[in-house]
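See structure below.
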Amino acid sequence: MVHLFLFMVILQIVTNGIYKSIEHRATVNSSKERLSIATFYNPKLEGDMGPAPSLITPETPALFRRIGVRDYFRGFFSRELRGRSYVDVMRIQNGSDKSN
């Protein structure tokens with residue numbers, strides 16, 4: 001389910017927080033089968049990602065920084081799955097990141 005979580009984090013960043021990424025949890029039921037649906041999202045590794053420019057205004061400034069897709073995936077998959085969510089790593093803290 002890491003890939004579902006990855007997509008939801010990307011969706012929160014691209015929508016500048018309009019859609020929220022939630023912590024994914026699964027409840028296992030030993031008496032019923034479970035259905036999983038695969039969804040694929042394949043951005044260009046040479047590209048970059050961040051909030052959609054059309055969603056950034058003086059009234060709604062960027063909440064997340066822009067980053068290369070390759071660097072994003074490297075950071076996401078190299079960290080432990082404990083503690084702070086990767087969406088928090090991408091969040092601009094008090095306007096201190098002016099890369100947008």
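Some points to look at:
- Filter result for ASP88 (modelled with pLDDT of 75 or more and touching a strand residue (DSSP E or B) at 6+ places or on another chain (Cβ under 9 Å)): no
- Candidate set from region 9-67 (those that are outside any loop (DSSP other than H, G, I, E, B) and over 15 Å from VAL89 (Cβ atoms)); member that is modelled with the lowest pLDDT: LEU11
The values are calculated or read from the model by the stated rules, or taken from the named source; none is laboratory data. Keep in mind that what you see is a predicted model, and the values were worked out from it rather than measured. A quick note on method: Cβ atoms are made from the backbone with ideal geometry, for glycine too, and the neighbour counts reach across all protein chains shown.
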